[in-house]
2 protein chains.
Amino acid sequence: MADRVKFLLDDSRIPRAWYNLLADLPVPLPPVLHPGTHQPLGPDDLAPLFPASLIAQEVSTQREIEIPEPVREIYRQWRPSPLFRARRLEQALQTPARIYYKWEGVSPAGSHKPNTAVPQAFYNREAGIRRLATETGAGQWGSSLAFAGALFGIDVTVYMVRVSYGQKPYRRALMEAWGAKCIASPSPTTAAGRAILAARADHPGSLGIAISEAVEATLATPGTKYALGSVLNHVLLHQTVIGIEAMEQMLLADDEPDIVIGCTGGGSNFAGIAFPYLGRRLRGGRAVRIIAVEPAACPSLTRGRYAYDFGDTAHLTPLVKMHTLGSTFTPPGFHAGGLRYHGMAPLVSHVAQQGWIEARAYPQNDCFAAGIQFARVEGIVPAPEANHAVKAAIDEAVRCREEGVSRSILFNLCGHGHFDMQAYTDYLSGKLQDLTYSEEELAMALAALPSVSSS
Amino acid sequence: MADRVKFLLDDSRIPRAWYNLLADLPVPLPPVLHPGTHQPLGPDDLAPLFPASLIAQEVSTQREIEIPEPVREIYRQWRPSPLFRARRLEQALQTPARIYYKWEGVSPAGSHKPNTAVPQAFYNREAGIRRLATETGAGQWGSSLAFAGALFGIDVTVYMVRVSYGQKPYRRALMEAWGAKCIASPSPTTAAGRAILAARADHPGSLGIAISEAVEATLATPGTKYALGSVLNHVLLHQTVIGIEAMEQMLLADDEPDIVIGCTGGGSNFAGIAFPYLGRRLRGGRAVRIIAVEPAACPSLTRGRYAYDFGDTAHLTPLVKMHTLGSTFTPPGFHAGGLRYHGMAPLVSHVAQQGWIEARAYPQNDCFAAGIQFARVEGIVPAPEANHAVKAAIDEAVRCREEGVSRSILFNLCGHGHFDMQAYTDYLSGKLQDLTYSEEELAMALAALPSVSSS
C-alpha cells in the first residue's frame, strides 16, 4: 500500500492522565474575582455550581491529573481518535507541506465536546447529582452533554442560542433523542431571559445570555449543577487528550509539527490540541508555532481587550481576566455558532497575552470555501467552526509552496458538518454573507467593561 | 480496563479480495432476461450502462475477486470499520446474549454505501468515463457516489426520490457539497418522469421511478454510464468487505455469531455482512442463523412474489427474478427511504427462496423505539434503515433472556441518523405513523407482473 495516511492507536494508548498547562506557566494566571468584592474567589464560591472534584481541577497546578477508569471506558468508544495525513489535499494544493489533522468528529456527538462532557457527567454523578443545566451555541456542546447525561442517568436541560436553535433544528433533535430538554435562549423561563426579551422580542441570543439562563436555572433549582462546555480551566484540561494522542501519533508518522492550529470560540478544542505542545515548549522542548483561528465577526483574541469581564450577559458569573469584546456584545448570527462568544478562555487569553501563541481571524465565506475544498479531496465535510482551522492550514500550506519550504502542519478537525448543511447550501448558492458587527456596538460594549482595580 | 468493547483491525487487514457468493451456490441463480426477447442477457446488453469490468464482476463465479489497490487506498480512510460489543445495551436488556455490531457509519458519507461507490467510480474512471447518473432513496447512496465522484473527477447526477428530497434536505446539501447535482424524482427532465407527473403531479416518487429516470438519462447522454447502489451482484460483492472484516474481528473477540442480522431494502448491506457467513456455511462451515429485516410497509421478502420483474417503473431495465411487490407498487413515504424499493436483490431473493436465510418485517414506530433505546445506551443514533436491524437484535436478545440462553448476535449498523433527525423528532413527539400500503394496490401491482414463460 502507498504511504500511510492514517495513524491509529489502540485502546491501551488512551491517555491515563490529562495534561494541566497551569503546572508549566512561568507567569501565573490572574485570579478569578468575586463579582461583588473583586477579591479572589475561593472554592466555596463555586460550590453552588460545580461538584468539589471539578473545582479542585479548576485550580490544580499538578501537571498530570488522572483520568478515572469509567471515563476511559467510555472514551474508548471513539478514542484514541484517528490522526490523518491529508495527502490528497497536499496534492491538490501542490504544496511541499506535510498536512496532518486530528479527527474529533468520530465521537457519538460528532465533535470534541464529549471529551469533557463525559468526565463532567461522571464527576457530577459521583457527587450524587441527577440534574445538569447548560447552554449551547451551535449545539455541539449541548448534544455532547445530552449524550453523557444519558450514559450516567442525569437529566440535562440545555439553553440553546436562539439563532442556532432556528438554523440547526437537527442538533436539537439529537439532544432530544438522547433524552435532554432543549430551550431556545433567550427564553421566558428565566429572569435573565425575560429581561432580554422585554428589550428585544426577536433577540437572536448569544452564548453570554444562554450562560446567564443556565446559571440562573441552576441556582434556582435545588439538586441541579451547572456544566460549561468551554472557557474554564477544567474543561480545557479534559480536552488535552487530543494533543496527548496527537503527539504519540505524530511519532508513528515519524514527524513533528512545525505549526499547530486550532479554531477558537471559548478555546477548548484549541487548547486540547495546542497545550500539550505549548507545555513541552515551555519546559524547554521543541519550538512550534501555535495559531488560534477565530471568526472575523467575533474576534475576541484579535480585536478584544485583555481585561476582567463577566462570562455571561446578566453578570451572574465571577469576573475572569480574558480577551473580551464585552459581555453586552452580541455577535452577528454567522454559522459557526460554537465560536459566537464574547470572551475567550482565561488560559488561552493568558498565553496569547504572553506572546506564546499567534491569533488570526477569517470571514465566514473564506472558511466555507476552504471547507468545500477539503471535503472534495479528503472526503470529510467539516463543521463551520472547524473550517476556520482548515482555512489556516491551507493558507500555511500555500505559503510553504510559495516559499519553497516543507513544513509540517497539524490542525484539529474538531467536528463534522452534518448538522450544518444549511450553511453549506447557503454558501454554494452564493447567499452567505460575511456578517460583521457594528464598530459602535463594540466600542460601547468595551466601554461597559467592569472597572476592576486589582487587575 | 474492563472487558473489551471495541475490535479494531489495522490498515493491513483491509480485505484484499471481495467474496463472491455465486462461487458457492449449490443451486445456480436464475438468469437475467432481456425485456424484449425474454432470452438470457449477454454482457453486450449491459454495455450501454456499465463498464466491462463491472459487467464481468456481475457474472463472475470466481470466489475471490481482487480489490484494486487504489480502492483499498481510499477504503483505508475509514476501513477496517470498527466492530463493537454492545455491553451497555446487554446490561440494559438484562440479557445473557452477547451483542455485537459492525459500525459502518464511520465512512465519510455515513453509511456502508461508499464500499461500492468507490470501486464503481474507480472502474468507470479506468474506462474513461467522466459522467455518472444514479438514483437515491434516503440519499445515502447518492451522497456516497457524490463523494466517490469527487475523488475520481467524475460528474455525478443523482435522481432523488421526491419524498426523501423533501424529508432530508441536508442529504441533498451533502451531495452538493461534494459537487454532485441532485434532482427530485419524478422530474420533468426525463420522459419517464414526465409521464408519472402527468398522471399525478404530487407523486412522492419511488426508487423504481428514480431508476427509470437515471437509466433514461444515461442512455440519452453520450459518455455517461449508470451506477446502482444496491440489488446487482457486483454491488453486493463490494459490500462483502463488511462481513469479511467482521469474521476476523469476531475472532479477536474470541466469539462466533449464532445469529447474523441486517436490514434489507435492495439488499446490499445485508449481503455485505451475511454472505461471507452464508458462504462458509454452504461450504460446510459453522451453522449460523441469518435474518433479513425489512419494513412492514414495503415487505418484498415477506409479502412479495418470487417472480421475474423489472427493476424500475418505466420498464427500461432487464427482467430479474426476485421477491417483488410489483414494479408499479409505490411504497408509502416512511422514513427509512433506503428500504423503499419494490424488489429485492436477485441474490438475496435466491438464498431466501432456498430457505437459507430468514426474513421478518417491522413497522417503523417499533424500529424508532429500538433506535432510541440503542442511542441512549450505546451513544450512536442509527439511521432509520439501521433501526430495523437494531430492533431484530434487541428482540433476539430479549428472547435469549426469556429462554435463559446466551447466544452471540451480530448485526450490521449500516449508517448514522444525522440526516434523519426530523424522523426522530416526529417519533418522539408521537407524530410518527405506522404507514401501510393498500392491499388492493399490492394485488394490482402483483397482477401486473410480466408473464415470463422461461421462469
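The values are calculated or read from the model by the stated rules, or taken from the named source; none is laboratory data. If you're wondering where the values come from, they're calculated on a predicted model, not measured in any experiment. When we count neighbours, we look across all protein chains shown, and the Cβ atoms used for this are built from the backbone with ideal geometry, even at glycine. Surface areas here come from the heavy atoms of the whole protein model, side chains and all, with no ligands, DNA or RNA. Shrake-Rupley method; radii C 1.70, N 1.55, O 1.52, S 1.80 Å.
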Given (1) surrounded by fewer than 23 Cβ atoms within 10 Å (Cβ to Cβ); (2) within 10 Å of chain A (Cβ to nearest Cβ); (3) more than 25 Å from B:A246 (Cα to Cα), B:Q353 misses just (2)
Among the residues of segment A:35-54, which ones are open to solvent by less than 60 Å² (accessible area, probe 1.4 Å), in a helix (DSSP H, G or I) and over 17 Å from A:G311 (Cα atoms)?
-> A:S53, A:L54
Does B:R98 satisfy the criteria of being of a type in the set (D, E, K, R), more than 20 Å from the chain's Cα centre (by Cα) and surrounded by fewer than 20 Cβ atoms within 10 Å (Cβ to Cβ)?
-> no
Extreme residue, surrounded by the fewest Cβ atoms within 10 Å (Cβ to Cβ), among residues of segment A:405-436 that are modelled with pLDDT under 95 and away from chain B (no Cβ under 14 Å) = A:Q433
Criterion (surrounded by fewer than 17 Cβ atoms within 10 Å (Cβ to Cβ) and either within 16 Å of the chain's Cα centre (by Cα) or modelled with pLDDT of 95 or more (or both)) met by exactly one of A:E402, A:E385, A:E396 = A:E402
Of A:A127, A:A117, the only residue that is crowded, with 24+ Cβ neighbours inside 10 Å and aliphatic (A, V, I, L, M) is A:A117
How many of the residues making up segment B:134-163 are under 19 Å from A:Y424 (Cα atoms) and hydroxyl-bearing (S, T, Y)?
-> 3
For B:G279, indicate whether it is part of a helix (DSSP H, G or I) and modelled with pLDDT under 95.
-> no
Which number in (1) more than 25 Å from B:V377 (Cα to Cα); (2) open to solvent by 20 Å² or more (accessible area, probe 1.4 Å); (3) within 13 Å of chain B (Cβ to nearest Cβ) marks the one condition that A:L83 misses?
-> (2)
So B:R4, is it under 30 Å from A:P80 (Cα atoms), assigned to a loop (DSSP other than H, G, I, E, B) and more than 21 Å from the chain's Cα centre (by Cα) = yes
Verdict on A:P108 being under 21 Å from A:D254 (Cα atoms) and either within 14 Å of chain B (Cβ to nearest Cβ) or surrounded by 20 or more Cβ atoms within 10 Å (Cβ to Cβ) (or both) | no
Please report, ordered by residue number, the helices (runs of 4 or more DSSP H) entirely within segment A:199-274 with at least 3 residues that are of a type in the set (V, I, T).
-> A:207-220, A:241-252
Which residue pairs have Cβ atoms closer than 7 Å, lie 6 or more positions apart in sequence or on different chains, and pair a first residue in segment A:358-381 that is open to solvent by 30 Å² or more (accessible area, probe 1.4 Å) with a second residue that is of a type in the set (S, T, N, Q)?
-> A:A359/A:T302; A:R360/A:T302; A:A361/A:T302
Where residues in segment A:442-455 are part of a helix (DSSP H, G or I) and within 25 Å of the chain's Cα centre (by Cα), which of them is farthest from the other protein chains (Cβ to nearest Cβ)?
-> A:L446
Do we find a residue being assigned to a helix (DSSP H, G or I), within 14 Å of chain B (Cβ to nearest Cβ) and in contact (Cβ under 8 Å) with a residue 60 or more places away in the chain anywhere in segment A:172-189?
-> yes
Only listed residue being surrounded by 24 or more Cβ atoms within 10 Å (Cβ to Cβ), not hydrophobic (A, V, I, L, M, F, W, C) and not assigned by TED's automatic domain parsing to the domain that holds B:S144, chosen from B:H335, B:H315 | B:H335
Taking the condition free of Cβ contacts under 8 Å to residues at least 60 places away in the same chain and more than 14 Å from chain B (Cβ to nearest Cβ), does A:E439 pass?
-> yes
All but one of (1) within 30 Å of B:G153 (Cβ to Cβ); (2) touching a helix residue (DSSP H, G or I) at 6+ places or on another chain (Cβ under 9 Å); (3) of a type in the set (D, E) hold for A:E358, so report the exception by its number.
-> (1)
What tally of residues in segment B:13-34 results from selecting those that are within 14 Å of another protein chain (Cβ to nearest Cβ), open to solvent by less than 60 Å² (accessible area, probe 1.4 Å) and either of a type in the set (S, T, N, Q) or within 14 Å of B:R63 (Cα to Cα) (or both)?
-> 1
Selection status of B:I291, within 24 Å of B:R85 (Cβ to Cβ) and open to solvent by less than 10 Å² (accessible area, probe 1.4 Å) | yes
